[in-house]
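Written below as structure tokens is the structure these notes are about.
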Amino acid sequence: MLAQVTTLRHWKSEHTAETCEDAVGENSASGLFAVADGAGTTLFSGAWADFLVRHFLSVPLMDNDPFEVEWWV
């Protein structure tokens, strides 16, 4: 199946494209899409959000089994 994916971003009024710390990624060939909220009050929240998105796309969590969730986290 062929899909065209477009990333749309909208941030709160106090943020701009440069200060938004959220992350988004996709691997449409595998049917994987990820969004992470960079909680703005924490240290390096944008970097962590980006890391989580990239990690999920490379090693996806495919089950809600507690052992798999613990291993992934």
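Can you say whether SER28 is of a type in the set (Ser, Thr, Tyr) and either open to solvent by 90 Å² or more (accessible area, probe 1.4 Å) or in contact with a Ser or Thr (Cβ under 9 Å, 6 or more places away or on another chain) (or both), as far as the supplied structure shows? It is false that SER28 is of a type in the set (Ser, Thr, Tyr) and either open to solvent by 90 Å² or more (accessible area, probe 1.4 Å) or in contact with a Ser or Thr (Cβ under 9 Å, 6 or more places away or on another chain) (or both). One residue stands out among those in segment 36-69 that are surrounded by 15 or more Cβ atoms within 10 Å (Cβ to Cβ) and out of contact with any Phe, Trp or Tyr (no Cβ under 9 Å at 6 or more places or on another chain): the one that is nearest to LEU2 (Cα to Cα), which is VAL53. Mind counting the residues in segment 35-62 that are at pLDDT 80 or above, in a loop (DSSP other than H, G, I, E, B) and farther than 15 Å from CYS20 by Cα? The total comes to 3. Give the residue, chosen from THR6, THR42, THR19, that is of a type in the set (Val, Ile, Thr) and either within 20 Å of VAL69 (Cα to Cα) or in contact with a helix residue (DSSP H, G or I) (Cβ under 8 Å, 6 or more places away or on another chain) (or both). THR42 is the lone residue from the list that is of a type in the set (Val, Ile, Thr) and either within 20 Å of VAL69 (Cα to Cα) or in contact with a helix residue (DSSP H, G or I) (Cβ under 8 Å, 6 or more places away or on another chain) (or both).
Considering only segment 31-73, how many residues are in contact with a Leu (Cβ under 8 Å, 6 or more places away or on another chain) and small (Gly, Ala, Ser)? Qualifying residue count, segment 31-73: 2.
The values are calculated or read from the model by the stated rules, or taken from the named source; none is laboratory data. Keep in mind it's a predicted model, so treat the numbers as computed, not measured. Here Cβ is always computed from backbone atoms with ideal geometry, including for glycine, and neighbour counts include all displayed protein chains. Heavy atoms of the whole protein, side chains included, go into the accessibility calculation; ligands, DNA and RNA do not. Shrake-Rupley method; radii C 1.70, N 1.55, O 1.52, S 1.80 Å.
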